[in-house]
Amino acid sequence: MPGSLYIIDGHWLVYRAYYAPFRDLTSPAGEPTRATYVFTSMLLKLITERRPEYLALALDSPRETLRRTRLYGQYKAQRAEAPEDLAPQIERIVQIVRAMGVPVLQHEGVEADDIMATLARRLAGPELRVVLVSRDKDLEQLIGPHVVLYDPTKDEEIDADRLEQLKGYRPPQAVEVQALCGDPTDNIPGVPGVGPKTAARLIGKYGTVEQVLAHAEELTPKLRQNLLAASEAVALSRELVKLDEQVPVEARLEDLAFAGVQVEAVRPIFAELGFRRLSEPLEAAAAATAPGGAPVPAASPTVVAAGRTTAADFDYRCIDTPEGFEALMAELKHVRRLAVDTETTSTQPMWAELVGISLAWRPGHGVYLPLAAPLGQRTLDRGMVLEGLGAILADDRVEKVGHNLKYDAIVLSAAGAAIAPPVFDTMLAAYVLEASRGSFKLDDLAAEFLDHHCIPIEDVLGKGRSQRRMDEVPVEQVSIYAAEDAEVALRLADVLRGRLEGEGLTELYEKVELALMPVLVAMETNGIRVDRQVLDRQKGVLAERADELRARIVSAAGCEFNPDSPRQLAEVLFERLKLPVLRRGKTAPSTNQAVLAELAPFHEVPALVLEYRQVTKLLSTYLEALGRCIHPRTGRVHTSFHQAGTATGRLSSSDPNLQNIPIRTE
């Protein structure tokens, strides 16, 4: 087996850590540590699981010193300043990395990508496999027989075949594709209207940018025009995206040898930062990389913990026979707390069909009751299950536990099994504890508070074109996923209840948020009556007004064009009518609402376009959309109100959003 050199793209992983769905953290001294903690967790996970023989962290030089900035002054110029609390965390991360015994590579005027490219081309071969720890597309050009990309947040390696499967091109074509489509993140110009799919198709057919330009006559008129107009920009883009494999990095392979985590050097830093929960992962990483060390089981991409669990560690099962259900009902007669979760066909509760119910009443055990499944698979009688469970869910001596119980309450109520108090909602508890956290998903809370890695929903339903409804998934696959949701909520409730009590927030949770939940259940279930005939009349009136305004816009402009196209509108405003360019977008002058309002005094076209946009938005966003949202059974619109949707405590609304309908215009 060849050895392995892991080179971490520092900029990429630092920003992944900073924006990971994790709560804000500070050290005992008040220093921000969220990114530092998550980065360190991911680094320990990488070391523990991958046990690299050679390891390094590559960092960028400041933008103003870069070769690409000298070549193109606007390179990365549009990027916002780094968050104020990130710079000190980067310093801490570098301190921790060095203390662990990991070399840090940085060279003036050079980006981390070029350092990685140089080392990959210099060192990769039959005796050394180079793993670039990043998912930055700039590095795709380096993939080869002995070089792969590794995304630690997904635990996924990208080789040449996987790249082609994901994006439709091979590594040698990556530079050509990027040159055509540019990169808005780095402010690299490309060809207007050419995205990654079009670029991959063109390069797949013609091979290189030069050959695409040489065969421009074979393309559609618009694409040909854009390509030829952007030929100089494409040449510049190619030079910017091509990585430099000859930067003066003097590190030799023996300099990058990783002798294992230096625990004694790291412990004082962890103590200073308050990283108590990383002590065990630190020891595990040291043990795994010590001579003869054994691999440690996989952990969450965000937080590593020695006690990490998955569904495989627990007793999750399916009950799909009348005898099994009867035995379950006998056992549930004595419970005083029951976690409940539903599997359905839709995320909108009033439109959802019940597929199954999962239950948990003691930690480590969960069951799933299938009510709908693919043809030929065994399910329970729906009436029998709802009648049996209905009595327990209505029992005021049994506390019902769940995550976003409002959804389950609406679904079960529609099916004839209403949930009665007392209840405990883990999503609302987490919201009361920290309303500004990035995510209230059960998976993220389980990882943070229970060190449990939940089965991702994508693993069950798939994604994209291959996505299925829950009733199309085999019962044995749904069972583990569903039972896990109920059992995890049960364990999570104990942790969050203790946190609420410890922080004196129980009264706020119970008397405000929990008390509001049944009110919202009633509001969403009742819905809002909408008169479809009135909507249709309004649509007719506004459609005529839109046609009239469109004709006036074209007449005032003196030429035929599409007012809905920002690019065509920009050509009319700034090239034909010679109005002043007030602001620029990424590829063309801006024609947003604020710009049009400022231009309105100069010419009637901007004023007409403003009115036209208002009318067409009323048509598409409200009148047509509201009509589609009318439930065929109730004749009403059933929006969803979100208690944990804002950090300020106010409700938000979706499917449809009823809080932003304009009311101040005629």
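Values for this structure:
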| read-out | value |
| --- | --- |
| Order of exposure, largest accessible area first, which applies to 619, 139 with probe 1.4 Å | 619, 139 |
| Charge dipole (debye, nearest 20) of the range 483-621; +1 at Cβ of Lys and Arg, -1 at Cβ of Asp and Glu | 800 debye |
| Counted charge near residue 210, where neighbours are those whose Cβ lies closer than 15 Å (Asp, Glu -1; Lys, Arg +1) | -2 |
| Residues listed by number, the range 608-625, amide nitrogen under 19 Å from residue 534 label point at 7 Å toward C-beta | 618-625 |
| For the range 405-491, size of Cβ-based charge dipole, Lys and Arg +1, Asp and Glu -1, in debye | 340 debye |
| The range 592-666: equivalent-ellipsoid semi-axes (sqrt of 5 x gyration tensor eigenvalues, Cα, Å) | 32, 18, 8 |
| Charge dipole (the range 107-251, unit charges on Cβ, about Cα centre) - positive-most of 120, 229, 131 | 229 |
| Mean separation of Cα contacts under 8 Å (6+ apart) over length of the chain, as relative contact order % | 11 percent |
| Nonlocal amide H pairs with residue 345, under 5 Å, H built at 1.01 Å | 353, 355 |
| Solvent-accessible heavy-atom area per residue, rounded to whole Å², over the chain at 1.4 Å | 47 Å² |
| Cross-link pairs beyond the 22 Å C-alpha cut-off, checked among 197/222; 222/539; 137/222 | 222/539; 137/222 |
| Estimated FRET transfer efficiency (residue 551, residue 503; beta-carbon r; R0 56 Å; 0.05) | 0.35 |
| Net charge of neighbours whose Cβ lies under 9 Å from the Cβ of residue 150, counting Lys and Arg as +1 and Asp and Glu as -1 | -2 |
| Heavy-atom accessible surface of the range 584-662: percent carbon and sulfur, 1.4 Å | 53 percent |
| Reachable lysines, given that their alpha-carbon falls under 16 Å from the alpha-carbon of residue 45 and they are not under 8 places away in the same chain | 154 |
| Sites matching trypsin sites (Lys or Arg not before Pro) across the range 374-451 that sit in DSSP coil, with at most 12 neighbouring C-beta atoms within 10 Å | 378, 397 |
| Relative contact order of the range 70-191, pairs being alpha-carbon contacts under 8 Å that are 6 or more residues apart, as % | 22 percent |
| Dipole magnitude of the range 10-133, debye to nearest 20 (Cβ charges: Lys/Arg +1, Asp/Glu -1, about Cα centre) | 360 debye |
| Within the chain, percent of DSSP bridges classed antiparallel, to nearest 5 | 50 percent |
| Cα gyration tensor category, rounded, prolate or oblate, for the range 377-479 with a/c compared to 1.5 | oblate |
| √(5λ) per eigenvalue of the Cα gyration tensor, the range 36-166, largest first, Å | 24, 21, 15 |
| Charge-dipole axis of the range 363-413 as Lys and Arg at +1 and Asp and Glu at -1 on Cβ define it, positive-most pick from 372, 403, 391 | 372 |
| Carbon and sulfur %, accessible surface of the range 325-366 computed with the full protein complex present, 1.4 Å | 50 percent |
| Relative packing of peptides 141-150, 476-485 - highest average C-beta neighbours within 10 Å first | 476-485, 141-150 |
| Theoretical gain in end-to-end length, residue 659 to residue 512 [0.36 nm per residue, Cα-Cα removed] | 50.8 nm |
| Residue-by-residue Karplus 3J(HN,Hα) for the range 122-135, coefficients 6.51, -1.76, 1.60, Hz, glycine and proline x | 7, 10, 5, x, x, 9, 8, 8, 9, 10, 8, 7, 5, 10 |
| By accessible area with a 1.4 Å probe, ligands and nucleic acids excluded, highest first: order of 12, 351 | 351, 12 |
| Percent carbon-and-sulfur accessible area, the range 386-428, ignoring ligands, DNA and RNA, probe 1.4 Å | 54 percent |
| Compactness of the chain - radius of gyration and Dmax, Cα, Å | 29.2, 81 |
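The values are calculated or read from the model by the stated rules, or taken from the named source; none is laboratory data. Values in this document were obtained by computation on a predicted structure and should not be read as measured data. Reconstructed Cβ throughout: ideal geometry from the backbone, glycine too, with neighbour counts over all protein chains shown. Ligands, DNA and RNA are stripped out before the accessible areas are found, and what is left, the full protein with its side chains, is counted by its heavy atoms. Shrake-Rupley method; radii C 1.70, N 1.55, O 1.52, S 1.80 Å.
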